[in-house]
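Notes follow the structure.
The values are calculated or read from the model by the stated rules, or taken from the named source; none is laboratory data. This structure is a prediction, so every number in the text was calculated from the model and none was measured. Here the Cβ is made from the backbone with ideal geometry for all residues, glycine too, and neighbour counts use every protein chain on show.
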């Protein structure tokens with residue numbers, strides 16, 4: 001009789017442990033709701049999306065492969081990070097006259113400096129972006145959209 005209860009207890013314990021590990025593995029895959037929560041490091045990267053966004057906002061005029069028209073300056077409207085990546089992302093930007101997009105790859109050279117490589121350069125088409133230079137290896141991949149919220153004063157994940 002005691003062996004019957006022991007068997008039931010072992011089965012119950014095994015199920016409880018399995019359920020616990022299943023829930024834990026699914027919680028680690030939940031999407032984040034704002035940029036401040038995006039501090040999780042992905043791909044063993046030393047970069048966070050927050051670091052990259054703030055750095056690119058400051059450096060967009062140096063990073064862009066084209067100059068703004070009429071002596072203006074570039075302003076970023078959106079960031080599109082490749083899902084599960086902190087280093088590969090698209091940047092939409094404008095100068096008040098024209099709109100452009102670039103695909104960047106970020107790399108942290110040392111503790112204080114982030115380097116960017118322009119992978120692709122795009123101009124707007126009738127319905128989508130047209131690749132004008134470079135490559136677009138993430139075409140069709142899922143992307144995480146970030147836009148600046150004037151109300152909140154920060155970049156917010158929109159999807």
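Quick notes on this structure:
Yes or no, residue by residue, for (1) part of a strand (DSSP E or B); (2) surrounded by fewer than 19 Cβ atoms within 10 Å (Cβ to Cβ):
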{"site": "79", "(1), (2)": "yes, no"}
{"site": "86", "(1), (2)": "no, no"}
{"site": "106", "(1), (2)": "yes, no"}
{"site": "112", "(1), (2)": "no, yes"}
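- Hits in the stretch 128-159 (condition: touching a strand residue (DSSP E or B) at 6+ places or on another chain (Cβ under 8 Å), under 17 Å from residue 104 (Cβ atoms) and outside any strand (DSSP E or B)): 135, 136, 137, 138, 141
- Which listed residue is modelled with pLDDT under 95, closer than 27 Å to residue 98 by Cα, under 14 Å from the mean Cα position of the chain (by Cα) and assigned to a helix (DSSP H, G or I), from 51, 36: 51
- Test for residue 150: is it surrounded by 15 or more Cβ atoms within 10 Å (Cβ to Cβ), under 18 Å from residue 75 (Cβ atoms), free of Cβ contacts under 8 Å to residues at least 40 places away in the same chain and assigned by TED's automatic domain parsing to the domain that holds residue 48: no
- Unique residue being at pLDDT 95 or above, in contact with a helix residue (DSSP H, G or I) (Cβ under 8 Å, 6 or more places away or on another chain) and farther than 15 Å from residue 50 by Cβ when the list is 116, 121: 116
- Any chance residue 123 is touching a strand residue (DSSP E or B) at 6+ places or on another chain (Cβ under 7 Å), farther than 15 Å from residue 81 by Cβ, assigned by TED's automatic domain parsing to the domain that holds residue 65 and not in a loop (DSSP other than H, G, I, E, B): yes
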